[in-house]
Amino acid sequence: MKNKNTVIIGTVGVPANYGGFETLAENLVKYHAENLLSDNLTVYCSSKSYPSRNDSFLSAHLKYVSLNANGAQSILYDIVSLIFAVLSRSEVILLLGVSGAIALPMVRLLSSARVVTNIDGIEWRREKWQGLAKHFLRFSEKVAVRYSDEVIADNAAIADYVHEIYGVACHVIAYGGDHTVNVEPVAVDDLGLPDRYAFSVCRIEPENNIHIIVEAFSRQQDVPLVLVGNWNNSEYGRELRRRFAEFAHLHLLDPIYDLGKLRTLRANALLYVHGHSAGGTNPSLVEAMHFGRPVLAFDCVFNRATTEDKALFFSGVEGLQELVAGLNEPVASQAGRDMLEIAQRRYTWEKVAQAYFKLLAS
């Protein structure tokens, strides 16, 4: 049987520097290499992020596009990658995200390649998108669902949405999080943090309800808060940091990308706070679940699906305050055990990669 040429499109590239899709792509490549899969695998990368332009990573060939994979150029980056994939006679295309999906009708017209698309979250619903951008993303989602052979949703709630709106069944494949516990811990003594604290790491955006989290923890001092994020990337983040700078028990830290440091920060936490309200299965949540700590999550269908309704849920400042104040040892221990059991059963890269390659080969 002839080996198929499979390509992965829609990420910055591999090896991963940061980002959910990049981590997914890297772990797919690792699985491909470790299991000696015979199909040829290619990953499209942004030369802007990889100036050395290595030819390969483990068992994957690397091809480069001279555009930024994020920001204003992201749509063109994905479209150019798709064009190159068609010209290279790729037989299976894994498209991560919908920003370049407007090129899929062209792909179907010029190529017999089998297209599998992970539509990510319901991107157009995110608060950061307004006006034309919101309409474009919704149109791209529609095109992606219509012109893909198979559609992947990372969360059962997104699969329900796609079936309700488009009448299409999705394959539900989430993300792994066990890479975060499989790295050596790195000391964080230089950060001057307390021994135990509540922890959160995320992009500082309104849809992640940072204002609720910081306000709730500012009203009590028994449990310090350590929140890692890109505070300086928006006026929303800068204003929150200014407003709560006087609270010594709130540690609002700049981004930390070192997985060893993040492992230490997560391992020392009493609990994890997850404020995301959009986007499906959030990588930061499944990563945190592997540490066996109780998760206090914003109450939305995505977080309930990810945690099988076993997290502790809040929807406002007062609700989060009450959860923190009422978190006794028996409740915390059971909630932590539940999170770890779910994570090890559902959110390992071995299981995720198996599901992806089974779908790609079918």
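All of the numbers you see were taken from the coordinates with simple rules; none came from a lab. Just so you know, these numbers come straight off a predicted model, no measurement behind them. Quick reminder, even Gly has a Cβ in these numbers, built from the backbone with ideal geometry, and neighbours come from all protein chains shown.
Once the dipole of the chain is set up with Lys and Arg at +1 and Asp and Glu at -1 on Cβ about the Cα centre, which of ASN232, ILE256, PRO15 lies farthest towards its positive end?
PRO15
Sum up the charges of everything whose Cβ sits under 10 Å from the Cβ of SER47, counting Lys and Arg as +1 and Asp and Glu as -1, but leave SER47 out.
Neighbourhood net charge equals +3.
Between ARG219 and ASP254, 0.36 nm times their residue separation minus their Cα-Cα distance comes to what?
Taking 0.36 nm per residue and subtracting the Cα distance, the gain is 10.4 nm.
What do you get for trypsin sites (Lys or Arg not before Pro) in the range 1-86 restricted to DSSP loop and a cutoff of at most 14 other Cβ within 10 Å of the site's Cβ?
LYS2, ARG53
To two decimal places, what compactness ratio does the chain give when its Cα radius of gyration is scaled by 2.2 N^0.38 Å?
Working it through for the chain, the quotient is 1.00.
Springs between alpha-carbon pairs under 10 angstrom, Gaussian network model over the chain: which of VAL201, VAL324, VAL273 fluctuates most?
Per the Cα network of the chain with a 10 Å cutoff, VAL324 tops the list.
Not counting the cut sites, what is the longest span of the chain without GluC sites (Glu not before Pro) that DSSP labels loop and that have at most 14 other Cβ atoms within 10 Å?
It runs 1-126.
Projected onto the charge dipole of the chain (+1 at Lys/Arg Cβ, -1 at Asp/Glu Cβ, origin at the Cα centre), which of GLY280, GLY97, VAL295 gives the Cα projection farthest towards the positive end?
Most positive-ward Cα: GLY97.
List the longest stretch of the chain that has no exposed loop site; here a site is one of the chymotrypsin sites (Phe, Trp or Tyr not before Pro) assigned by DSSP to anything other than H, G, I, E or B, with at most 10 other Cβ within 10 Å.
With a cap of 10 other Cβ atoms within 10 Å, the longest stretch comes to 19-256.
Can you pull out the trypsin sites (Lys or Arg not before Pro) in the range 217-309 that DSSP calls coil and that have at most 15 other Cβ atoms within 10 Å?
Answer in residue order: ARG219.
Are any of the pairs LYS261/LYS310; LYS48/LYS134; LYS4/LYS142; LYS30/LYS358; LYS310/LYS358 more than 20 Å apart by Cα-Cα distance, and if so, which?
Beyond 20 Å: LYS261/LYS310; LYS48/LYS134; LYS4/LYS142; LYS310/LYS358.
Can you tell me the dipole magnitude for the chain around its Cα centre, using point charges on the Cβ only (Lys, Arg +1; Asp, Glu -1), in Debye to the nearest 20?
For this selection, approximately 1040 debye.
At 0.692 mPa s and 37 °C, plugging the Kirkwood radius over alpha-carbon pairs of the range 8-90 into Stokes-Einstein gives what diffusion coefficient in µm²/s?
It comes out at roughly 257 µm²/s.
Between VAL331 and ALA169, how many nm apart are label points set 7 Å from Cα along the C-beta direction?
4.1
Tell me, what HN-Hα J-couplings in whole Hz come from the Karplus equation 6.51 cos²θ - 1.76 cosθ + 1.60 at θ = phi - 60° for each residue of the range 167-177, using x for Gly and Pro?
In residue order, the calculated couplings are x, 10, 7, 9, 8, 8, 10, 8, 10, x, x Hz.
Hey, how many Å between the Cα centroid of the range 88-105 and the Cα centroid of the range 237-261?
When both Cα centres are located, 38 Å separates them.
Rounded to the nearest Å, what's the spacing between the alpha carbon centres of the range 1-66 and the range 280-333? Just the number, please.
So the two Cα centres are separated by 33 Å.
Across the range 194-353, how large is the tail of the calculated P(r) beyond 29 Å, expressed as a percent of all Cα pairs?
Result: 11 percent of Cα pairs exceed 29 Å.
Mean 1/r over all different Cα pairs, inverted: what Kirkwood radius does the range 168-211 give, in Å?
14.9
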